[in-house]
Amino acid sequence: MDLTLPGIRAVIFNEYARSTDNGKDRDRYSCAAVEEARLSLSVAEHDRPLRSVLFDRTTLATGLFRLNEPSPAVDSAATALQLAGVVGSARVRSRLVSMAEEAEPCARDSAVQEIRHQVSQLALPDVSVRSASAAHPR
């Protein structure tokens, strides 16, 4: 059984939800993204790279924010932010920023405000030319 498939499906459904203007389709795709992200997390959280778990967490939180379920979304977003402290990259930051944008309709909730604030404070990782060269010697 390929344990990456639910995570990939979650991302695809999330992108469908993000790209549609039809409210029913957005909700349907968001529900599917949430379901697949939860499945991905349940079957493989301990056996996968932290970055993959972080992406599942951001996808889950994004879908839950989109479905106006701020409490479980905040829980998943908080876990993603903790993981971002360990696994930082421009792609991670981009996913977190997208998640925070989807949280905007729930922003009256103080916990959502805090998540959005934390995401806004994230810096891009500092990768110097020297350290990049050392990682890939000629």
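Ranking of PHE13, PHE65 by neighbouring Cβ atoms within 10 Å, starting from the fewest: PHE13, PHE65. Each Lys and Arg contributes +1 and each Asp and Glu -1, all at the Cβ; summed about the Cα centre of the stretch 5-121, the dipole is approximately 260 debye.
Here GLU104 and CYS31 are evaluated by their C-beta separation; at R0 = 22 Å the FRET efficiency comes out at 0.65.
For the stretch 1-42 versus the stretch 86-114, the spacing of their alpha-carbon centroids is 17 Å. The tail of the calculated P(r) for the stretch 5-121 beyond 24 Å holds 17 percent of all Cα-Cα pairs.
Taking GluC sites (Glu not before Pro) across the stretch 14-88, none is in a DSSP loop with at most 10 further Cβ atoms lying within 10 angstrom of its Cβ.
Every number here is computed from the coordinates shown, using simple stated rules; none is lab data. Everything numeric here is computed off the predicted structure, so don't read it as measured data. With ideal geometry, Cβ positions are generated from the backbone for all residues, glycine too; neighbour counts draw on all protein chains shown.
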